[in-house]
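Down below is the structure, laid out as C-alpha cells.
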Amino acid sequence: MDIVILAVVIAVVVLGALSGLIVGSRRKKQLPPPPPAAPDITAPPAEPHVGDEAETPREEPRRTIEEVDLPDGSAPVVIEEPPAPEIEIPEPTAGRLVRLRTRLSRSQNALGKGLLTLLSREHLDEDTWEEIEDTLITADVGVQPTQELVERLRERVRVLGTRTPEELRSLLREELVTLVGRDMDRALKTEPEDRKPGIVMVVGVNGTGKTTTTGKLARVLVADGQSVVLGAADTFRAAAADQLQTWGERVGAYTVRGPEGGDPASVAFDAVKEGKEMGANVVLIDTAGRLHTKTGLMDELGKVKRVVEKQAPVDEVLLVLDATTGQNGLVQARVFSEVVDITGIVLTKLDGTAKGGIVVAVQRELGVPVKLIGLGEGADDLAPFEPEAFVDALIGE
C-alpha cells in the first residue's frame with residue numbers, strides 16, 4: 001500500500017514539472033522583440049572654412065607693382081551735381097484781373113445781378129429799396145456804405161426818370177466803382193527811391209494762406225522784373241520754410257530760413273541783411289500765423305517789425321484776409337492794425353463763397369486799400385486789384 005501512495009506522489013510531481021515547463025515556453029514566445037539597433041549615420045562633409053581652397057590653385061601670371069598703370073592725377077574727378085530746378089516765367093501781371101474776370105463773376109453774380117434785377121422793376125417803392133439794402137448788407141458791404149450807396153441811387157434814379165437796362169447798368173457801375181474807391185493808391189511800395197531793397201511784411205491769422213500768398217507775390221514781383229529775397233520767419237509751423245523755399249525756387253528767388261522753432265525776428269533781420277548784400281529789389285518776409293485774440297503773439301509780431309527796422313524802414317505791411325470770413329475778418333483787421341501799421345490788404349479765396357462787398361467794408365474799417373486779391377489755387381491767380389475790372393465782374397457784361 002505504501003508503494004502505491006509513493007508512486008502516486010511521484011506521478012503528481014512529474015506532471016507539475018512538465019506543466020511548468022510548457023507555460024514557461026509560451027511566455028517566452030509572447031515577449032516583445034527587442035528595439036532595433038540605431039542605424040549608422042554618415043556625417044555630411046564639413047563646409048570649407050575661410051582660407052580653405054576648393055581646388056588646387058593654378059599657376060597664373062602675376063604683374064609686379066611696377067607693371068601696374070597708376071593714374072597720374074591729370075584727369076579731373078567729375079562729381080555729378082543734381083540738376084538745378086527749372087526756373088518758371090510767371091504770367092505778366094498787367095491785366096491779370098481782367099483775364100480772371102470770368103472766374104470772379106461766377107461767384108459774385110448774386111450781388112451785381114441781384115441789384116440790377118431790383119433796379120429794373122417798374123415801380124421802385126420802399127419795399128424794393130429795402131430789398132436793395134438787404135442785398136448789399138448780405139454781400140458784406142457794411143451798414144454805413146450801404147446806406148450811402150442807396151441814397152445816391154435813389155437820387156439818381158429819381159432824376160433819371162425812365163430807366164433802360166443799359167442806363168441802369170451804367171448807373172450801378174459808376175456808383176459801385178465810387179464805393180469801392182477808384183482814387184485810392186493801390187500800388188505796392190516795393191521800390192523806395194533812396195535805397196534797396198524794398199521791405200514787405202506779410203501778416204495775418206492762421207489759415208488765411210499767408211505763405212502761399214507770399215510765394216505768389218514773389219511771382220508777381222518777378223514777373224514785373226524785380227529780384228526777390230524771401231524771409232521764412234514763420235518758424236512755428238512745420239514745413240512752412242520748406243513750402244516758401246519751394247515757391248522761391250520756382251522763380252529763382254533766394255530764401256533765408258532759420259531752425260524750426262527759432263526766433264522769427266532773427267530770421268527777418270537776416271533776410272533783410274542778405275537782401276542788401278545781394279542787391280535784391282525786394283525782401284518779402286512771411287510771418288507766422290497768429291490768433292488776433294492772443295496778446296503775446298501779437299506783441300511778438302510787433303517785435304519782428306521793430307527788429308527789421310533797425311536796418312531799414314518797412315515799406316509795406318500786407319494783411320492777408322480770408323474773404324469767406326466776412327465781417328469776422330474786420331475784427332481781425334482792426335486788431336492787426338493796432339499792432340503794426342497795415343498799409344494794404346490782400347483778400348484771398350475771393351473765388352469761392354466770398355461776397356464781393358467785403359472789399360468795401362475792410363477798406364472802410366482800416367482806411368487802407370485792397371491791393372491784391374486771390375482768385376484761385378493756381379500759381380498765377382493772385383492779381384493786383386483794379387476797381388473797374390472788379391465791378392465789371394460783379395455786374396457782368
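Here are a few things to note about the model shown:
- Taking the criterion of being in contact with a strand residue (DSSP E or B) (Cβ under 7 Å, 6 or more places away or on another chain) and closer than 19 Å to V205 by Cα, the residues of region 262-287 that qualify are P264, A268, L284, I285, D286, T287.
- With a requirement of 2 or more residues that are within 15 Å of V203 (Cβ to Cβ) and of a type in the set (D, E), the strands (runs of 3 or more DSSP E) lying completely within region 315-397 that satisfy it span 316-322.
- Candidates in region 311-343 are the residues that are open to solvent by less than 10 Å² (accessible area, probe 1.4 Å) and within 24 Å of T146 (Cβ to Cβ); of these, the one that is modelled with the lowest pLDDT is G326.
- Segments classed as helices (runs of 4 or more DSSP H), wholly inside region 88-186, with at least 1 members that are over 30 Å from Q226 (Cα atoms): 101-119, 126-138, 143-160, 165-180
- Residues of region 156-190 classified as open to solvent by 20 Å² or more (accessible area, probe 1.4 Å), more than 34 Å from the chain's Cα centre (by Cα) and either of a type in the set (F, W, Y) or more than 17 Å from L111 (Cα to Cα) (or both), total: 11
- Given (1) acidic (D, E); (2) in contact with a helix residue (DSSP H, G or I) (Cβ under 8 Å, 6 or more places away or on another chain); (3) outside any helix (DSSP H, G or I), number of the condition E193 does not satisfy: (2)
- Selected residue (criterion: least open to solvent (accessible area, probe 1.4 Å)) from residues of region 224-248 that are of a type outside the set (G, A, S) and assigned to a helix (DSSP H, G or I): L244
- Residues that are open to solvent by 20 Å² or more (accessible area, probe 1.4 Å) and touching a residue at least 40 places away in the same chain (Cβ under 8 Å) within region 191-211 comprise E191, P192, R195, K196, N206, G207, G209, listed in sequence order.
- Qualifying residue in region 250-261 (condition: of a type in the set (A, V, I, L, M, F, W, C), outside any helix (DSSP H, G or I) and either without any contact (Cβ under 8 Å) to a residue 60 or more places away in the chain or in contact with a strand residue (DSSP E or B) (Cβ under 7 Å, 6 or more places away or on another chain) (or both)): yes
- Scanning region 212-223 for residues that are open to solvent by less than 30 Å² (accessible area, probe 1.4 Å) and over 19 Å from G289 (Cβ atoms) yields R219, V220, L221.
- Yes/no for T146 being free of Cβ contacts under 8 Å to residues at least 60 places away in the same chain, polar (S, T, N, Q) and under 21 Å from A333 (Cα atoms): yes
The values are calculated or read from the model by the stated rules, or taken from the named source; none is laboratory data. Since the structure is predicted, the reported quantities are computational estimates derived from the model, not experimental observations. Reconstructed Cβ throughout: ideal geometry from the backbone, glycine too, with neighbour counts over all protein chains shown. Keep in mind that these areas ignore ligands, DNA and RNA; they rest on the heavy atoms of the full protein, side chains included. Shrake-Rupley method; radii C 1.70, N 1.55, O 1.52, S 1.80 Å.
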